[in-house]
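Beneath this line is the structure, given in structure tokens, with notes to follow.
The values are calculated or read from the model by the stated rules, or taken from the named source; none is laboratory data. All values derive from a computational prediction rather than experimental measurement. Note that we place each Cβ from the backbone using ideal geometry, even for glycine, and neighbour counts take in every protein chain shown. For the accessible areas, the whole protein counts, side chains as well, though only heavy atoms, and no ligand, DNA or RNA atoms are used. Shrake-Rupley method; radii C 1.70, N 1.55, O 1.52, S 1.80 Å.
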Amino acid sequence: GSSSISRLSVPVCPPPPKLARMASGFGEEDERLLVCIGDGEEVSVKLPEYASHSELLAAILSRARRPRRLQFARFPGGAPLFNSVLRHLAVAEGHGARVAGEGELELVDTSALSIPPLGQETLGDYFEAAALLQSPRLAADLARSGACRELSSRQALQLFERVVALTGADRGEIESRALVDGEPLFQGLSASSAACRPSEALDEGLAAAVAALCARLDPRDFRLGPALARGSARASLEVLRSYREKYEDATTTMDGSKRSSATASVLGANSVASSARGERGAQRIEWTEHQFALHVLRAHLEDGVKAAKVAGTARPAPKAVDAALTGAESDDDGGEECGADGSGSDVFHSGLSPDADIAESVCDEAPDALLVKLAGLVVHLSSTSIPPVLAALSIRALLLARKEDRADALFQAMFTQSPKLRAMVVSGEVPVAFLRGVVRHRCASVVLRRMLAEYEAAPLEDVCELLEHFLLAEFAEEEHSHAVIVQHALMRDLVLWARSGGARGGARTGARALGGRSKGDAADVEGACAGASRAADGGSSCSRSPRDVQRLRRAGALKHHDMTCRGERLFEMAFVPHDGLLPRPSDNASAADSGFVSDPSCPWDSGALDLLLLRRAPASEDSLQLVRRVLIRSMRLRGLEEDTREMALLWPLGRWPFCRDPALIGEAFRLLSDAWRRLAALPGLGDLAGPRPAHAGRDQGSRRVAEELLIKLFADLEVWRLPPKALLTPWVPGQVLVSHVASHCAKLEERQFALMEETRHNLEEITRLQAVVAGLASRLEVTNARSQQCMQRQTDVNETLRRLR
């Protein structure tokens, strides 16, 4: 039982700042305070002698106006007990805690507590006196007294509940029983004064008393319930620690009849258990460890947030994601495991009402200091029964207490059940790295998409991390990520924004922002270098060396290069799901001359995406079909039938020799035919030389080279797949038609030869089968003759038998 006591330090209430200088301003008479107890008992107290061990007296001594009288409406034990406490505090400096060995603290000399004598009956009054005088030293000494260690389990239980209630008593409630010169104690002091704030030393002293009383309880008497949940957070945490240790010992040293901490019951349900409250045999409500911690945590959170609002220290609510952004919708009602009301959580299936949870406003406004103080209670909660919003706040508390491993474990257990927790990941209150443990859930993709929706407002480094380490890595192989993120319209914007190098408005400009941005960045770098040099040289006009400027230029170019590379990887993921980033067929109105019209929303038409990016398209048949559609559309809209060289550079991207679609082959054939017609319309038959006519198009250089390039492009198409009517045009090179006819004839000859060979084999097989049939017919005739002979013999035998009868 002493292990619970030995881990607690013995607190000593330090005197207030500048207490010695403040006390020196009082005279001999001014240092004394007349303490009136009840109606007629009075005690004269010299304040400086006791202020170091009583926060109440220290607060009186720190008042600017000289106090004269302290009135207690009721004091346990009256003036005799008050005098005994003063005598004990007078000699408290000589009774410091000393370790006697094996972790046990030496008993404290409490001989000064003689009237009334300190014993099992008066120990509760002395503890109440320690709470009234706010003396952490007295509380700790009582916990280490012989009277406390001699308590039986039944006696300790009654005192235990009384001390726990003292730890949870509001400081104003205790001090309402004390008036200084007829006024409240804190009148004239600001709310932020040190005397007005709760004392951690007093809390530690009473926690030491709670630990000492827990050590005296038997497991059968130690039952968690509402009576023990009224204490402070520090005392409640000590109750839970002692409860866990007590039952861990009981399960290993006692027989199976003892109750275990694994007993489960519903919060608020009356579990009948034999009580240890004297001889009354009353029934008590018994809670599990989780229910007790849940009740205490919720109560202290609500009270702490109310106090923080009054004091103006409440935490400002985090900024919500703009719902108007593309991809910012939560989609909580779109998946069976992301119920917006948390109905998938076991806490609602176990009979616990939703009222047991805290409001989201409490979660948002809880100060960090309050959460650090309550973080120890989270360890005693069950992850299968914790309410959703409280689970989110518990994870934040664990993170503030630097318990990342426990926070991650609770995050994985509650991620799909708590919409508030998912919102906290989006707002940055929970590390995004925790998503690695829940990547298998669809909700994780929704959270990641909502974070990516703020790509323009978020720091560039954060967006790069989300893309590089999550979307392109952890989530790349998940099917729900493809449905939630890749197929979403946000992916199209991300591709364009990344191709712009992360420029503001890059989702509209795309690759067009790279040209102007690179120049601007170079100017910014040079300006920054010059400004830094002038600041370093005391305002001189000299600049950095060209080497430094070049280094910074390369750093900026490298940043843009990395971003554009990520854009290429995003393009590779989004190309097929977004139909090649082409406009919808309904938006693609046909024109009489080309069959295509420019669409400003199409990134290929606006120049936001360059055609060379098609090299990063996946090497699948569906992807290649889209690549060919993009090429034909872009070549038509850009008039590349007039620029054979440019067409020849882009043509291999379509991998036309592998195309088997007659419709696409027909589109490409008509495009090349138009190019051949424009080339054939040029004057002369030799190389282009001299002044170019207006109708010469954009072809530069040799006409023969252009014709050779076009014939090669025609050769990539399987024109034999086209109907004969499509070939009836004069704007096709004769070589192509001759090659097509020759190839077609060769194939026909091959087919004819194959048919002749097949016919010869068939005739040989027929001859062989005829020989087999002839052999079988001769055998059949022999068999018929033998059958007739047998039938004749049978007839003769039958006739002979008939005659013999």
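Restricting attention to the range 400-421, report how many residues are outside any helix (DSSP H, G or I), surrounded by fewer than 21 Cβ atoms within 10 Å (Cβ to Cβ) and touching a residue at least 12 places away in the same chain (Cβ under 8 Å). Full working, then the answer.
Let us first name the residues in the range 400-421 that are outside any helix (DSSP H, G or I), namely 401-403, 418.
Then drop every residue that is not surrounded by fewer than 21 Cβ atoms within 10 Å (Cβ to Cβ), which leaves 401-403.
From what's left, touching a residue at least 12 places away in the same chain (Cβ under 8 Å): 401, 403.
Count: 2.
One line per residue, one yes/no per condition, for (1) of a type in the set (S, T, N, Q); (2) open to solvent by 30 Å² or more (accessible area, probe 1.4 Å):
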position	(1), (2)
Ala423	no, yes
Glu429	no, yes
Ala433	no, yes
Ser445	yes, no
Glu454	no, yes
Asp462	no, yes
Ser481	yes, no
Val486	no, no
Asp493	no, yes
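Restricting attention to the range 587-605, which residues are open to solvent by less than 90 Å² (accessible area, probe 1.4 Å) and either charged (D, E, K, R) or modelled with pLDDT of 80 or more (or both)? Before the answer, list the steps.
Residues of the range 587-605 open to solvent by less than 90 Å² (accessible area, probe 1.4 Å): 587-589, 591, 594-599, 601-605.
Asp587, Val597, Ser598, Asp599, Ser601, Cys602, Pro603, Trp604, Asp605, listed by residue number.
Is it true that Leu748 is under 16 Å from Asp674 (Cα atoms) and out of contact with any helix residue (DSSP H, G or I) (no Cβ under 9 Å at 6 or more places or on another chain)?
On the way: under 16 Å from Asp674 (Cα atoms): no; out of contact with any helix residue (DSSP H, G or I) (no Cβ under 9 Å at 6 or more places or on another chain): yes.
In short, no.
Can you tell me which of Ser271, Ser275 is crowded, with 16+ Cβ neighbours inside 10 Å, closer than 24 Å to Gly231 by Cβ, in contact with an Asp or Glu (Cβ under 8 Å, 6 or more places away or on another chain) and at pLDDT below 90?
The conditions single out Ser271.
If I go through the range 113-165 residue by residue, how many of them are of a type in the set (A, V, I, L, M, F, W, C), within 20 Å of Leu217 (Cβ to Cβ), open to solvent by less than 30 Å² (accessible area, probe 1.4 Å) and in a helix (DSSP H, G or I)? Please lay out each step first, then the result.
Filtering the range 113-165 down to residues of a type in the set (A, V, I, L, M, F, W, C) leaves 113, 115, 118, 123, 127, 129-133, 138-140, 142-143, 147-148, 151, 156-157, 159-160, 163-165.
Next, from what is left, pick out any that are within 20 Å of Leu217 (Cβ to Cβ): 123, 127, 139-140, 142-143, 147-148, 151, 156-157, 159-160, 163-165.
Narrowing further to those that are open to solvent by less than 30 Å² (accessible area, probe 1.4 Å): 123, 127, 139-140, 142-143, 147-148, 151, 156-157, 159-160, 163-164.
Checking which are in a helix (DSSP H, G or I) leaves us with 123, 127, 139-140, 142-143, 147-148, 156-157, 159-160, 163-164.
Total meeting the criteria: 14.
Would you mind stating whether Ala397 is surrounded by 20 or more Cβ atoms within 10 Å (Cβ to Cβ), over 25 Å from Gln487 (Cα atoms) and of a type in the set (Gly, Ala, Ser)? First the steps, then the outcome.
Values: surrounded by 20 or more Cβ atoms within 10 Å (Cβ to Cβ): yes; over 25 Å from Gln487 (Cα atoms): yes; of a type in the set (Gly, Ala, Ser): yes.
Judged against the criteria, Ala397 is a match.
I'd like the residue in the range 363-386 that is modelled with pLDDT of 90 or more and farther than 20 Å from Leu237 by Cβ and, out of all such residues, is least open to solvent (accessible area, probe 1.4 Å).
Ranking the candidates gives Cys363 first.
Any residue in the range 785-794 that is over 30 Å from Ala680 (Cα atoms), open to solvent by less than 80 Å² (accessible area, probe 1.4 Å) and not basic (Lys, Arg)? Steps first, answer last, please.
Of the range 785-794, the ones over 30 Å from Ala680 (Cα atoms) are 785-794.
Restricting the remaining residues to those that are open to solvent by less than 80 Å² (accessible area, probe 1.4 Å) gives 785, 787.
Those left that are additionally not basic (Lys, Arg): 785, 787.
Among the residues of the range 785-794, at least one is over 30 Å from Ala680 (Cα atoms), open to solvent by less than 80 Å² (accessible area, probe 1.4 Å) and not basic (Lys, Arg), which makes the answer yes.
Looking at Arg584, Arg569, Arg547, Arg615, which is the one that is open to solvent by 80 Å² or more (accessible area, probe 1.4 Å) and modelled with pLDDT under 60? Break it down into steps so the answer makes sense when it comes.
Details: Arg584 fails: modelled with pLDDT under 60; Arg569 fails: modelled with pLDDT under 60; Arg615 fails: modelled with pLDDT under 60.
None of the others qualify; the one that does is Arg547.
State all residues of the range 724-746 that are free of Cβ contacts under 8 Å to residues at least 24 places away in the same chain and surrounded by 10 or more Cβ atoms within 10 Å (Cβ to Cβ); if no residue qualifies, say none.
Leu727, Leu737, Val738, His740, Val741, Ala742, Ser743, Cys745, Ala746
Filtering the range 464-479 down to residues that are of a type outside the set (A, V, I, L, M) and in a loop (DSSP other than H, G, I, E, B), which residue is least open to solvent (accessible area, probe 1.4 Å)? Give the steps one after another, and end with the answer.
Step one: filter the range 464-479 for residues of a type outside the set (A, V, I, L, M), giving 464-465, 468-470, 474-475, 477-479.
From the residues that got through so far, the ones that are in a loop (DSSP other than H, G, I, E, B) too are 475, 477-478.
Working: Phe475: 2, Glu477: 162, Glu478: 53 Å².
Here the residue is Phe475.
If you take the residues of the range 626-653 that are over 20 Å from Ser598 (Cβ atoms) and either crowded, with 17+ Cβ neighbours inside 10 Å or among the aromatic types (Phe, Trp, Tyr) (or both), which of them is farthest from the chain's Cα centre (by Cα)? Please lay out each step first, then the result.
Of the range 626-653, the ones over 20 Å from Ser598 (Cβ atoms) are 644-645, 648-649, 651-653.
Remaining after also requiring either crowded, with 17+ Cβ neighbours inside 10 Å or among the aromatic types (Phe, Trp, Tyr) (or both): 644, 648, 651, 653.
Working: Thr644: 53, Ala648: 49, Trp651: 45, Leu653: 40 Å.
Checking each candidate, the answer is Thr644.
Please work out if Ala215 is aliphatic (A, V, I, L, M) and either at pLDDT below 70 or more than 36 Å from the chain's Cα centre (by Cα) (or both). Show your work before the answer.
Details: aliphatic (A, V, I, L, M): yes; either at pLDDT below 70 or more than 36 Å from the chain's Cα centre (by Cα) (or both): yes.
Considered against the rule, which asks whether it is aliphatic (A, V, I, L, M) and either at pLDDT below 70 or more than 36 Å from the chain's Cα centre (by Cα) (or both), Ala215 comes out as yes.
Just to be sure I understand, how many residues within the range 314-324 are surrounded by 15 or more Cβ atoms within 10 Å (Cβ to Cβ) and either modelled with pLDDT under 90 or not aliphatic (A, V, I, L, M) (or both)?
So the first thing to find is which residues in the range 314-324 are surrounded by 15 or more Cβ atoms within 10 Å (Cβ to Cβ), and the list is 314-315, 321.
Filter once more, keeping what is either modelled with pLDDT under 90 or not aliphatic (A, V, I, L, M) (or both): 315, 321.
Here the count works out to 2.
Restricting to the range 392-415, count the residues that are of a type outside the set (D, E, K, R) and more than 28 Å from Gly312 (Cβ to Cβ). Lay out the reasoning, then the answer.
At the first step, the residues of the range 392-415 found to be of a type outside the set (D, E, K, R) are 392-395, 397-401, 407, 409-415.
Filter again for more than 28 Å from Gly312 (Cβ to Cβ), leaving 407, 409-415.
Qualifying residue count for the region: 8.
With a cut-off of at least 1 residues that are touching an Asp or Glu at 6+ places or on another chain (Cβ under 9 Å), at pLDDT 80 or above and of a type in the set (D, E, K, R), name the strands (runs of 3 or more DSSP E) lying wholly within the range 25-111.
41-46, 69-72
Cβ-Cβ below 6 Å, separation at least six or inter-chain, first residue in the range 669-685 and outside any helix (DSSP H, G or I), second at pLDDT below 85: which pairs?
The qualifying pairs are Leu682/Ala696.
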